[in-house]
1. Which ones in the range 24-58 are in contact (Cβ under 8 Å) with a residue 40 or more places away in the chain and either in contact with a Gly (Cβ under 6 Å, 6 or more places away or on another chain) or assigned to a loop (DSSP other than H, G, I, E, B) (or both)?
2. In this structure, does Arg55 turn out to be among the basic types (Lys, Arg) and surrounded by fewer than 12 Cβ atoms within 10 Å (Cβ to Cβ)?
3. For the range 58-97, name all the residues that are closer than 18 Å to Glu30 by Cα, at pLDDT 90 or above and of a type in the set (S, T, N, Q).
4. Mind listing whichever residues of the range 59-72 are surrounded by fewer than 14 Cβ atoms within 10 Å (Cβ to Cβ) and part of a helix (DSSP H, G or I)?
5. Which residue, of Glu38, Glu27, is among the charged types (D, E, K, R) and out of contact with any helix residue (DSSP H, G or I) (no Cβ under 9 Å at 6 or more places or on another chain)?
6. Residues of the range 40-65 being over 12 Å from the mean Cα position of the chain (by Cα), under 14 Å from Ser77 (Cα atoms) and aliphatic (A, V, I, L, M), which ones?
7. Enumerate the pairs (first residue in the range 73-86 and touching a residue at least 40 places away in the same chain (Cβ under 8 Å) and part of a helix (DSSP H, G or I); second residue anywhere and surrounded by 16 or more Cβ atoms within 10 Å (Cβ to Cβ) and of a type in the set (Gly, Ala, Ser)) with beta-carbon separation below 6 Å, excluding pairs fewer than 6 apart on the same chain, so at least 6 apart or on different chains.
Amino acid sequence: MRTLLAPLDASVPSIAVLPFVNMSRDEENEYFADGLSEELLNVLAKMKGLRVASRTSAFSFKGLRTDTPTIAQKLGSRTCSKAACARPATACGSPRS
């Protein structure tokens, strides 16, 4: 497969922000987890001298059981941010607003 991308410079710091895993039982919190990932990605993308893998590329691994070193290699990143989140619930189990 041919690519039009320039070769990556290994001396430039790079990161891929992987989608946060929703640890709550409420599937609606998936949007919350994705939003956290996107916010972190957007903040990092503003840092000069740091190459950040695109959201589309990083999110293509969402829900897959691919190990982090393989993901980093496929995305051309030296580092991957990987996390999970859950929103706190009230005593009756519904999410706080």
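1. Ser24, Asp26
2. Against the criterion (among the basic types (Lys, Arg) and surrounded by fewer than 12 Cβ atoms within 10 Å (Cβ to Cβ)), Arg55 does not qualify.
3. Ser60, Ser81
4. Of everything in the range 59-72, those that are surrounded by fewer than 14 Cβ atoms within 10 Å (Cβ to Cβ) and part of a helix (DSSP H, G or I) turn out to be Pro69, Thr70.
5. The match here is Glu27.
6. Ala45, Leu50 - these are the residues of the range 40-65 that are over 12 Å from the mean Cα position of the chain (by Cα), under 14 Å from Ser77 (Cα atoms) and aliphatic (A, V, I, L, M).
7. Taking only residues 6 or more apart or on different chains, the pairs are Leu75/Ala16; Leu75/Ala53.
The values are calculated or read from the model by the stated rules, or taken from the named source; none is laboratory data. Since we're looking at a predicted model, the values are computed, not measured. Don't worry about glycine lacking a Cβ; one is built from the backbone with ideal geometry, like all the others, and counts go over all protein chains shown.
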